[in-house]
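Step one of this worksheet: look at the structure below.
The values are calculated or read from the model by the stated rules, or taken from the named source; none is laboratory data. Only a predicted model underlies this, so the values are computations on that prediction, with no experimental measurement involved. Every residue, glycine among them, receives a Cβ derived from its backbone with ideal geometry; neighbour counts consider all protein chains shown. SASA here: full protein model, heavy atoms, side chains in, ligands and nucleic acids out. Shrake-Rupley method; radii C 1.70, N 1.55, O 1.52, S 1.80 Å.
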Amino acid sequence: MKTLSTTAAENVSVLNRFGINHAHTMWQRFKTYLLQNFLPPVVILCLLLGVWELLCSGTGATLPPPSQVISDTWELILDPFYDNGGNDVGMGWQILASLERVAVGYSFAVVVGVALGVLVGQSTWAMRGLDPVFQVLRTVPPLAWLPISLAGFQDSNPSAIFVIFITSIWPIIINTSVGIRNIPEDYRNVARVLRLNGIEYFYKIMLPAAAPYIFSGLRIGVGLSWLAIVAAEMLIGGVGIGFFIWDAWNASLISDIILALVYVGLVGYFLDRMVAMLGNIVTRGTSAS
Amino acid sequence: MSSHYLSIENVDKTFEKGNVRSHVLSNINLHIDQGEYISIIGHSGCGKSTVLNIVAGLIEQSAGVVILDRKEVNTPGPDRALVFQNHSLLPWLTVYENVALAVNKVAGRSKSTAERHEWVLYNLELVNMLHALNKRPSEISGGMKQRVGIARALAMQPKVLLLDEPFGALDALTRAHLQDEVMRIHSNLKNTVMMITHDVDEAVLLSDRIVMMTNGPSATIGEILHIDLPRPRDRIALADDLRYNHYRQEVLRFLYEKQRKLEQISPRHPPSQAQNERPQPVGGSGSSPSDAVVDAPALQKVSGAS
Ligand SMILES: Nc1ncnc2c1ncn2[C@@H]1O[C@H](COP(=O)(O)OP(=O)(O)O)[C@@H](O)[C@H]1O
Ligand SMILES: [Mg+2]
């Protein structure tokens, strides 16, 4: 990646030296960018689809080939936002329902996780007490929390949200506390010389200094919560992409399942990129010093 | 007590980590007048930074007091602004914001928003950094970072400016530039400065007095050298100056003859024994403080001779 882009830059400077106009170099750069970033995935994707098509076209194939998936699910693809009442709604609504649960559970996890992470990072005593508990709890698989939260909340929706919360909170706590503990002594000294009070220290030093760590926790957390919601929804029912998959399985609509998997993957990727991008904006400068 | 602006009296420091105790500083006495430029020089690890950090209030002394402007100081505060060796600018803030953070905190009540803005710019102008207001520390050179660090410290209008090897990490040319600027600023603003250095030329060029520390453990002030050179000082003219070279040699002699570093000798002379042999400064602090030339402790004399 890095070497490729340097080569591109070198090409450009060579072109400039020969007096070729700026618009032309821009176009060159854009073309190189396209070639480097879009060509490889497109080629690989075509190859994979081709192999899949070949493998599943035979008479004994148990799974549909991509061409059949598309023709089976064409109506779902065309109209993602239809609403026939009940669970019979378009893929867009299903995804949005899942995203809403994730948003609520993940937001709680962010607030509580950062707060606990700060506590554990700041206080040696809290760390000694809480760290072993966290280390054990974080290994509990997301779905194992579902029965206990169903018992507690007596309702499926808050239970799903709780599963999201409890799944995504651990990396947030742990990364935040590591970030806080790694704040350079010099920054603390600056704060002490300036006599920053607790709140000023928190906002002006602690959060920005730990931001790269916090965001790597947030990124892991959002990935985990998307993993967990699909699994949890398969069990609790209602509207949501997880239950859609379960429903399709019960109705033997394998093509629907495959389409849903594509959506799940794309949305998960999108969530990850979104948090990563936010992190890049917020921590701009912090990590490069 | 004393009529000095900054007094370090009988300061002792023992670090304790678990059951490991290390007696780093022993009986440090130093008196500094307002507007004086003091350098502390000594071999690496002898405890120079520890002295400075005790004055800054960042480290608590085990015994003794630090008195600044007739008040005892023991917590950090903006009246003792520190410039760190590794600049310690906050990397997520721009040059302007780094200085503004200090100004807004220290002068938040006494100055209006517009006045604070002017004050930030004024101090960045002092160190010739107006051209990089919106750059982040990662985008400017090491010398520029130190300039900003100095501007941030000056902007707090400290009673004493504490510099811990401020130019140590810079190349010779940049260092010379910054030394000249610090001299210019000092002659204009008449700050009281305590600077740690391991550079003999830097010490002689900048200082009114050079405080030479003995080797640790149990380091103390070995000698104090008055630098009686007229200001403004010019490094090129001074290169041939007899007095300048005499001062240089004094410092070099202290560092490389009297305080030659011979690590393997010291275990045979435990600190407790050395303490008994060390002559105590006579008459405490009041009588002839700045002229007091405390003899090097017996420990180091033995080490140097063998
Ligand atoms: N926080 C600390 N805990 C234990 N020992 C320390 C600590 N800080 C410094 N020291 C020790 O004190 C001595 C003096 O350190 P320092 O003041 O940094 O030396 P200098 O600045 O002269 O190079 C060193 O031997 C160092 O190991
Ligand atoms: Mg030091």
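Couple of notes before you dig in:
- Qualifying residue in region B:57-67 (condition: within 16 Å of ligand 1 (Cβ to nearest atom), under 19 Å from the mean Cα position of the chain (by Cα), closer than 22 Å to B:ILE210 by Cβ and not basic (Lys, Arg)): yes
Residue-wise test of (1) away from chain B (no Cβ under 14 Å); (2) at positive phi; (3) in contact with a Ser or Thr (Cβ under 7 Å, 6 or more places away or on another chain); (4) at pLDDT 90 or above.
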{"position": "A:ILE183", "(1), (2), (3), (4)": "no, no, no, yes"}
{"position": "A:ILE199", "(1), (2), (3), (4)": "no, no, no, yes"}
{"position": "A:MET206", "(1), (2), (3), (4)": "no, no, no, yes"}
{"position": "A:PHE215", "(1), (2), (3), (4)": "no, no, yes, yes"}
{"position": "A:GLU233", "(1), (2), (3), (4)": "yes, no, yes, yes"}
{"position": "A:VAL239", "(1), (2), (3), (4)": "yes, no, no, no"}
{"position": "A:ILE245", "(1), (2), (3), (4)": "yes, no, no, yes"}
{"position": "A:ASP256", "(1), (2), (3), (4)": "yes, no, yes, yes"}
{"position": "A:TYR263", "(1), (2), (3), (4)": "yes, no, no, yes"}
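- When the criteria are applied in full, B:TYR5 fails the requirement of being of a type in the set (Phe, Trp, Tyr), in contact (Cβ under 8 Å) with a residue 24 or more places away in the chain, more than 15 Å from ligand 1 (Cβ to nearest atom) and touching a helix residue (DSSP H, G or I) at 6+ places or on another chain (Cβ under 7 Å).
- Restricting region B:220-233 to residues that are surrounded by 14 or more Cβ atoms within 10 Å (Cβ to Cβ) and of a type in the set (D, E, K, R), the residue that is nearest to the chain's Cα centre (by Cα) is B:GLU223.
- Within region B:10-21, the residues that satisfy the criterion of being more than 12 Å from ligand 1 (Cβ to nearest atom) and in contact (Cβ under 8 Å) with a residue 12 or more places away in the chain are B:ASN10, B:VAL11, B:ASP12.
- Top-ranked residue in region A:146-169 [being of a type in the set (Phe, Trp, Tyr) and buried (at least 17 other Cβ atoms within 10 Å of the Cβ); ranked as nearest to the other protein chains (Cβ to nearest Cβ)]: A:PHE165
- Only a single criterion out of (1) of a type outside the set (Lys, Arg); (2) open to solvent by less than 20 Å² (accessible area, probe 1.4 Å); (3) out of contact with any strand residue (DSSP E or B) (no Cβ under 7 Å at 6 or more places or on another chain); (4) within 16 Å of ligand 1 (Cβ to nearest atom) is not satisfied by B:LEU205, namely (4).
- Residue ID - most open to solvent (accessible area, probe 1.4 Å), chosen from residues in region B:162-192 that are over 17 Å from B:LEU52 (Cβ atoms) and of a type in the set (Val, Ile, Thr): B:THR174
- Test: residue in region B:87-101 that is within 15 Å of the chain's Cα centre (by Cα) and either β-branched (Val, Ile, Thr) or modelled with pLDDT under 95 (or both): yes
- Within region B:189-211, the set of residues being within 16 Å of ligand 2 (Cβ to nearest atom) and either β-branched (Val, Ile, Thr) or closer than 24 Å to B:ASP69 by Cα (or both) comprises B:MET194, B:MET195, B:ILE196, B:THR197, B:VAL211.
- Within the set A:VAL118, A:VAL114, A:VAL69, A:VAL140, the sole residue that is open to solvent by less than 40 Å² (accessible area, probe 1.4 Å), under 22 Å from the mean Cα position of the chain (by Cα) and at pLDDT 90 or above turns out to be A:VAL114.
- Cβ-Cβ distances below 6 Å connect the following pairs, each with a first residue in region A:77-102 that is open to solvent by 50 Å² or more (accessible area, probe 1.4 Å), a second residue that is not in a loop (DSSP other than H, G, I, E, B), and a separation of six or more residues or different chains: A:PHE81/A:GLY92; A:ASP83/A:VAL89.
- Within region B:134-164, the residues that satisfy the criterion of being more than 11 Å from chain A (Cβ to nearest Cβ) and within 16 Å of ligand 2 (Cβ to nearest atom) are B:GLN146, B:LEU163.
- In this entry, B:ALA203 is excluded by the filter for residues that are free of Cβ contacts under 8 Å to residues at least 40 places away in the same chain, more than 26 Å from B:LEU121 (Cα to Cα) and not aromatic (Phe, Trp, Tyr).
- Scanning region B:24-45 for residues that are within 13 Å of ligand 2 (Cβ to nearest atom) and in contact with a Leu (Cβ under 9 Å, 6 or more places away or on another chain) turns up B:ILE40, B:ILE41, B:GLY42, B:HIS43.
- Hits in region B:68-86 (condition: polar (S, T, N, Q) and under 17 Å from the mean Cα position of the chain (by Cα)): B:GLN85, B:ASN86
- Scanning region B:208-219 for residues that are within 16 Å of ligand 1 (Cβ to nearest atom) and open to solvent by less than 10 Å² (accessible area, probe 1.4 Å) yields B:ILE210, B:VAL211, B:MET212, B:MET213, B:THR214, B:SER218, B:ALA219.
- All positions within region B:202-244 that are acidic (Asp, Glu), closer than 28 Å to B:LYS261 by Cβ and in contact with a helix residue (DSSP H, G or I) (Cβ under 9 Å, 6 or more places away or on another chain): B:GLU202, B:GLU223
- Qualifying residue in region B:26-49 (condition: near ligand 1 (Cβ under 8 Å from one of its atoms) and within 14 Å of another protein chain (Cβ to nearest Cβ)): yes
- Matching residues in region A:268-280 - criterion: being within 14 Å of another protein chain (Cβ to nearest Cβ) and either open to solvent by 100 Å² or more (accessible area, probe 1.4 Å) or at pLDDT 95 or above (or both): A:ASN280
- Among the helices (runs of 4 or more DSSP H) confined to region A:170-257, the ones with at least 3 residues that are open to solvent by less than 30 Å² (accessible area, probe 1.4 Å) and under 19 Å from A:GLY90 (Cβ atoms) are located at A:207-236, A:241-250.
- Conditions (1) within 16 Å of ligand 1 (Cβ to nearest atom); (2) open to solvent by 30 Å² or more (accessible area, probe 1.4 Å); number of the one not met by B:ALA239: (1)
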